[in-house]
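No lab work stands behind these numbers, since they all come straight from the coordinates. The structure presented is a predicted model; accordingly, all values stated were derived computationally and were not measured. Counting neighbours? That spans all protein chains shown, and the Cβs are built from the backbone with ideal geometry, glycine included.
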Amino acid sequence: MSLVPMKQILDEAERGGYGVGAFNVNNMEQIQGIVRAARETNSPVIIQASKGALRYTNLIYLKKLMEAAVEENPNLKIALHLDHGNDLEVIRTAIDLGFTSVMLDGSLEPDGKTPRSFDSNVDITRRAVEMAHPHGVTVEGELGTLGGIEEHVQASRVILTDPEEAAIFVERTGVDALAVAIGTSHGAYKFKDTPTLAINLVEKIHALVPDVRIVMHGSSSVPAELIDAINRYGGQMPNARGVPVEAIQEGIRHGVRKINVDTDTRLAATATIRRIFHDSPTVFDPRDYLGPVRDAITAVVKERMIAFGSAGHNDDYAPTTLEAMKQVYAARRHS
Ligand SMILES: [Zn+2]
């Protein structure tokens with residue numbers, strides 16, 4: 001599988017001043033929908049799988065589906081990233097499966113709720129870097145906690161990232177990318193009313209650690225038209241609200257390079273299935289609703305690729321390899 005290291009995609013995004021969406025997957029239609037969007041907008045793309053996704057696909061299906069995506073699109077820059085790895089065991093699993101990037105989320109204790117101490121976060125993240133870099137694999141860490149609920153990620157309180165601490169964290173761990181807490185949250189219910197993000201923190205962190213790529217989690221926009229469709233066709237998602245695309249674009253202007261999007265593709269799938277089941281009660285062939293789900297995912301991902309500015313940038317650079325990245329990291333260790 002010739003996936004590119006995530007570090008290359010993010011370093012190129014830094015050079016070009018744009019953001020790259022990282023989209024979560026669990027099945028074939030999601031993978032196909034996302035890579036089609038990348039192909040049609042000529043955009044580099046990060047595809048990510050959580051620990052839950054690895055379990056859901058029994059590892060091997062995810063690996064083979066990704067191989068198919070790469071084989072079908074040999075010229076696309078695709079990175080495969082582990083989202084929210086919370087122990088060294090899953091980091092090892094992802095590296096063995098051929099992921100080109102891993103996240104070690106050491107912001108919370110193994111219970112997924114209690115904020116972890118700074119020193120303990122540094123320690124486990126550094127060990128993940130020591131495990132991944134000799135394979136050329138990119139590492140994302142997390143400092144601060146997000147609100148909301150994601151699979152197994154549910155902080156009991158929200159702590160925004162402190163820029164000075166971020167600089168020390170990066171220096172001690174050697175991470176390539178850093179997820180920052182600036183007021184976003186996971187899930188479909190992010191805000192009670194107008195969201196306020198601490199974009200000034202992004203600006204400060206970017207200035208203090210210019211070689212590390214800043215990541216925004218919990219950055220689905222929860223489009224009103226998808227929520228309306230879900231509610232119109234029998235769903236119950238009152239008051240769902242996300243991060244406006246304009247707020248993400250402001251983040252990108254100040255240095256955000258990776259934007260995690262999961263909820264929006266879930267909403268697109270759910271709205272589509274609900275509409276089809278409502279309008280066509282006789283439908284029973286899964287292709288008749290999963291095909292349209294795939295189209296709906298392509299549509300929302302294309303919108304994000306255009307809004308984040310990654311569209312059109314796929315051919316800006318030649319792909320590098322994990323092998324080449326091994327040399328880069330080894331030179332850094334010995335300097
Ligand atoms: Zn996240």
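For helix 322-334, what angle does its Cα long axis make with the longest principal axis of the chain, in degrees from 0 to 90 and rounded to 10?
30
Hey, got the dipole for the range 251-290? About the Cα centre, +1 on K and R Cβ, -1 on D and E Cβ, debye to the nearest 20?
360
Would you work out which of Ala224, Tyr317, Thr263 lies farthest towards the positive end of the dipole of the range 6-330, given +1 charges on the beta-carbon of Lys and Arg and -1 on that of Asp and Glu, about the Cα centre?
Positive-most Cα among the choices belongs to Ala224.
Taking the Cα centre of the range 214-303 as origin, sum charge times position over the Cβ atoms of Lys and Arg (+1) and Asp and Glu (-1), and report the length of that vector in debye to the nearest 20. Please list the in-between numbers first.
Numbers: 11 positive and 11 negative charges, 46 e Å.
Dipole magnitude for the range 214-303 comes out near 220 debye.
Quick one: longest stretch of the chain between exposed loop trypsin sites (Lys or Arg not before Pro), exposed meaning at most 12 other C-beta atoms within 10 Å and loop per DSSP?
Numbers: sites that count: Arg157, Lys192.
It works out to 1-156.
Treating cross-link reach as a plain straight distance, find the lysines whose alpha-carbon is under 28 Å from the alpha-carbon of Lys64, omitting any fewer than eight places away in the same chain.
Here the lysines satisfying the reach criterion relative to Lys64 are Lys7, Lys51, Lys77, Lys258, Lys302, Lys326.
So what is the relative contact order of the range 6-330, in percent, for Cα pairs below 8 Å that sit 6 or more residues apart?
Numbers: 654 pairs, mean separation 73.7, N = 325.
Result for the range 6-330 is 23 percent.
Can you pull the one-decimal nm distance between simple spin-label points at His334 and Ala167, each 7 Å off the Cα toward Cβ?
Reported label-point gap for His334 and Ala167 is 3.1 nm.
Work out from phi, with θ = phi - 60° and the Karplus expression 6.51 cos²θ - 1.76 cosθ + 1.60, the ³J(HN,Hα) of each residue of the range 36-47, listed in order in whole Hz, and give x for Gly and Pro.
5, 4, 5, 5, 6, 9, 6, 10, x, 8, 10, 9
Could you point to the residue in Thr298, Thr138, Val209 farthest towards the positive end of the chain's charge dipole, with +1 and -1 charges on the Cβ of Lys/Arg and Asp/Glu respectively?
Thr298
If you take the charge dipole of the chain about its Cα centre, with +1 on Lys and Arg Cβ and -1 on Asp and Glu Cβ, which of Val328, Thr93, Ala247 is farthest toward its positive end?
Thr93
Each residue of the range 113-125 in order: what ³J(HN,Hα) in whole Hz does its phi give by Karplus 6.51 cos²θ - 1.76 cosθ + 1.60, θ = phi - 60°, with x for Gly and Pro?
Per-residue couplings from phi come out as 10, 7, x, 8, 5, 4, 5, 5, 5, 4, 4, 6, 5 Hz.
With only Lys, Arg, Asp and Glu charged, each at its Cβ (+1 for the first two, -1 for the last two), find how big the charge dipole of the chain is about the Cα centre; round to the nearest 20 debye. Mind showing how you got there, number by number?
Details: 35 positive and 44 negative charges, 43 e Å.
Once rounded to the nearest 20, the dipole reads 200 debye.
Identify the chymotrypsin sites (Phe, Trp or Tyr not before Pro) of the range 206-292 meeting these criteria: DSSP loop state and at most 12 other C-beta atoms within 10 Å of the C-beta.
Values: sites: Tyr233, Phe277, Phe284, Tyr289; in loops: Tyr233, Phe284.
Here the chymotrypsin sites (Phe, Trp or Tyr not before Pro) that fit, given the DSSP loop and packing criteria, are Phe284.
5 Å is the cut-off here: which amide hydrogens, built 1.01 Å from N in the peptide plane, fall below it relative to Ala179, excluding neighbours closer than 5 in sequence?
It is Gly141, Glu142, Leu143, Val215, by chain and number.
If Lys and Arg each add +1 and Asp and Glu each add -1, what is the summed charge of the other residues whose beta carbon sits under 11 Å from the beta carbon of Gly17? Write down the numbers at each step before the final one.
Values: positive: Arg15, Arg253, Arg257; negative: Glu12, Glu14.
Net charge around Gly17: +1.
³J(HN,Hα) across the range 51-62 via Karplus (A = 6.51, B = -1.76, C = 1.60, θ = phi - 60°), whole Hz, x for Gly/Pro?
Once rounded to whole Hz, the list reads 4, x, 5, 5, 5, 4, 9, 6, 6, 5, 5, 5.
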